[in-house]
Amino acid sequence: MAELSPIERVTKFWNREPLDKPPFFSGMGMIMLPAIKKLGYKFPTIHRNAEKMAMAAIESAKMFNIDAVSVPFDMCMESEALGNEISLYEDSEDILYPTIPYKKWEELDQVEITQDDIDNIMDKYPMNLLPEAIKIIKKEAPEYPVAAWQLGPFTQCGQTIELDKVLKGVFKQKERVETILDQFSDMIINIGNALLDAGADYITLREPGVAADLLSPKTFKELIQPRLTRILAGWKPPKVLHICGSTDPLVDMMWQCCIDSGAQAVSFDIKNNLLESRKKLGKDAIILGNFDVFKLPCAEETTVEEAIEAIKTNIDGQVDAVWPGCDLWPDIKEDNFRAIEKTVREYKA
Amino acid sequence: MATKEELLEILKDGVINYKEEEVKEASQTALDDGHTAIEMIMDGLAAGMEVVGDLYEKQEYFVPEVLMCADALYAGLEILRPHVPKQEGGSVSQVVIGSIQGDVHDIGKNLVKMMFDVAGWEVYDLGRDVPLEKFVEEQLRTDAQVVAMSAMMTTTMLGMRKVIKMIKEKNPNVAIMLGGAPVTKDVANLFGADGYAESAGNAVAEGIKMISRLREYEKEKGE
């Protein structure tokens with residue numbers, strides 16, 4: 001088969017068509033420090049500048065032969081658009097992602113998300129940077145698919161008021177929590193559609209705040225599953241559902257969300273028992289993730305040989321494509337990462 | 001008038017079933033009736049939390065329930081703790097605790113802190129988003145035997161490695177405990193930590209084990 005471009009390869013992967021070689025891509029952050037340095041950018045400056053965001057993402061994909069360009073990189077944009085101040089750690093020499101040090105709403109009763117927030121969130125800074133960044137990528141690197149992502153409503157709720165209040169609210173103020181989750185769900189549908197309209201080629205819904213080491217599977221089923229399904233159903237495909245943390249008890253429900261919403265794939269992090277998940281979901285489910293985003297590409301002690309072996313284990317674990325189980329840590333060891341990419345392309349190809 | 005056993009049972013049950021008001025009331029009654037505060041804490045509140053730990057391990061309780069139990073426990077602790085006599089002559093174990101810079105999540109850290117509080121440790125809570133150097137400064141200032149750090153995100157846990165290196169360079173005997181969602185046993189080993197708490201429930205047990213190891217080390221050094 002003639003060599004495919006990254007966008008052709010990824011599109012065919014979603015369509016389950018034959019490929020020239022296995023894809024290597026992500027639906028979450030995949031930004032690399034060597035690429036940022038090559039462009040002369042500082043890490044804190046790439047989060048709130050559409051051009052830098054786009055160029056850093058493109059350069060990361062090109063430099064390390066990744067099949068997709070992914071934006072954004074941080075999880076604070078929506079919360080900032082709703083009026084919270086963020087820390088960019090501009091003076092730090094370390095890699096620190098933006099955070100929300102203090103949240104303007106201290107209690108669930110104070111949360112006030114207006115219809116204007118829901119309908120016009122993309123007009124508010126910094127959300128308005130995202131479509132701009134996607135358009136730059138489409139213009140500068142049309143051979144790459146653009147990956148966009150959104151946090152799920154529960155995790156987003158925890159980005160807007162303190163997570164412990166939300167967790168306790170599940171029991172103490174259930175109706176209030178449900179109302180807020182519904183408002184966030186509407187907002188997330190709108191944001192996802194705006195990103196897809198701007199040119200994103202696929203989208204991942206990430207809901208790490210509901211892993212089974214935080215919430216019970218019963219609460220997931222009652223409170224979370226219907227909303228994740230509704231959000232995914234509100235977007236055009238391809239679309240992926242990802243949950244970090246303990247997911248073994250949630251696997252069936254996650255896949256049911258995909259079936260009910262027309263989503264293509266589920267994605268897990270390293271805490272998932274991949275072989276068991278495959279047994280539960282069968283060969284028709286597209287399973288992604290379970291790739292250690294720190295230990296394999298970044299840890300000083302991990303040798304090239306160990307990284308290769310771990311990727312082989314990931315492939316033997318029956319993932320449909322090698323896809324990092326979370327945001328990739330930017331400070332990669334270049335030799336490890338290149339060996340990982342080579343292994344993905346060649347092992348069992 | 002409730003007996004001591006009845007009050008202990010109310011405190012224990014109040015923590016397990018997150019009944020803050022009943023815990024407050026029973027704590028005050030216990031003091032008014034002349035019962036020993038430390039007994040009420042250890043055999044009432046802490047005994048309840050032990051059951052909560054079991055329920056969490058068995059996945060009958062999850063984090064929201066544990067947080068509500070913690071609220072009930074603290075409601076009692078606030079009333080009883082001021083009435084626990086200070087140890088005379090003996091040194092109280094000390095821990096410096098915080099969420100690492102870049103991480104504003106503190107649920108896990110607060111649960112671990114609670115365990116140390118119950119066990120009677122002197123806790124220096126640095127809060128969250130704590131600059132790396134602050135852990136080192138606070139350990140040196142307080143001479144704490146344990147430094148406990150948590151990170152909820154993969155993107156922040158790397159700071160822990162730097163803190164461990166800085167602390168061990170200045171004081172190799174300090175025991176370091178790590179915890180948080182992305183922290184696995186492999187990561188703790190890789191970073192050179194002495195203990196690893198995948199849940200708040202085993203954090204104090206790990207802390208006590210580490211202190212024992214430290215004392216053994218000191219003893220061996222002296223021989």
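General observations
- The protein assembly as shown: proportion of alpha-carbon pairs further apart than 36 angstrom, %: 37 percent
- Rounded FRET efficiency, nearest 0.05, which uses the C-beta distance separating A:D91 from A:D284 and R0 of 56 Å: 0.65
- Three-way shape call for segment B:30-131 based on the alpha-carbon gyration tensor, with the a/c threshold at 1.5: oblate
- Only helices enter the 222 nm calculation for chain A: every DSSP H run of n ≥ 4 contributes -39,500 (n - 2.57), and dividing by all residues gives -12500 deg cm²/dmol, rounded to 500.
- Partners of A:K333 within straight-line reach, counting lysines whose Cα lies under 17 Å from its Cα and excluding those fewer than 8 residues away in the same chain: A:K37, A:K38, A:K62, A:K295, A:K342.
- B:L140-A:D123 pseudo-label distance in nm [points 7 Å out on the Cα-to-Cβ vector]: 5.4 nm
- Inter-label distance for A:A233 and A:F171, nm, one decimal - labels placed 7 Å from Cα along Cα-to-Cβ: 3.1 nm
- Accessible area ranking (1.4 Å probe, heavy atoms, ligands and nucleic acids excluded), largest first, for A:E178, A:E300, B:E133: A:E300, B:E133, A:E178.
- Exposure of A:W235 as accessible area (Å², to 10), given a probe of 1.4 Å and all protein chains: 10 Å²
- Residue by residue along B:99-105, Cβ atoms of other protein chains within 10 Å of the local Cβ number 5 on average.
- Solvent-accessible surface of protein heavy atoms, probed at 1.4 angstrom with all chains present, puts A:R206, A:R278, B:R81 in the order B:R81, A:R278, A:R206, largest first.
- Eligible lysines near A:K348 by straight Cα distance, threshold 19 Å, same-chain separation 8 or greater: A:K12, A:K21, A:K283, A:K312
- Look at the alpha carbon pairs under 8 Å that are at least 6 residues apart: their mean separation over the length of chain A gives a relative contact order of 18 percent.
- Order of exposure, largest accessible area first, which applies to A:D260, A:D327 with probe 1.4 Å: A:D260, A:D327
- Counting Cβ atoms of other protein chains within 10 Å of each Cβ in A:292-298 and taking the mean gives 3.
- GNM result for chain A, Cα springs below 10 Å: residue of A:I259, A:I286, A:I203 fluctuating most strongly: A:I259
- Percent carbon-and-sulfur accessible area, the protein assembly as shown, ignoring ligands, DNA and RNA, probe 1.4 Å: 48 percent
- Within a Gaussian network of chain A (alpha carbon springs, distance under 10 Å), most fluctuating of A:P153, A:P208, A:P44: A:P44
- Area of A:S70 that stays accessible when all protein chains are in place (1.4 Å probe, Å², to 10): 10 Å²
- Within straight-line reach of B:K170, meaning a Cα separation under 23 Å, sit the following lysines at least 8 residues removed in sequence or on another chain: B:K134, B:K162, B:K209, B:K219, B:K221.
- Counting, for every residue in A:210-216, the Cβ atoms of other protein chains within 10 Å of its Cβ and taking the mean gives 4.
The values are calculated or read from the model by the stated rules, or taken from the named source; none is laboratory data. All of these numbers come straight from a predicted model, not from anything done at the bench. Cβ atoms come from the backbone with ideal geometry, glycine included; neighbour counts cover every protein chain shown. Ligands, DNA and RNA are stripped out before the accessible areas are found, and what is left, the full protein with its side chains, is counted by its heavy atoms. Shrake-Rupley method; radii C 1.70, N 1.55, O 1.52, S 1.80 Å.
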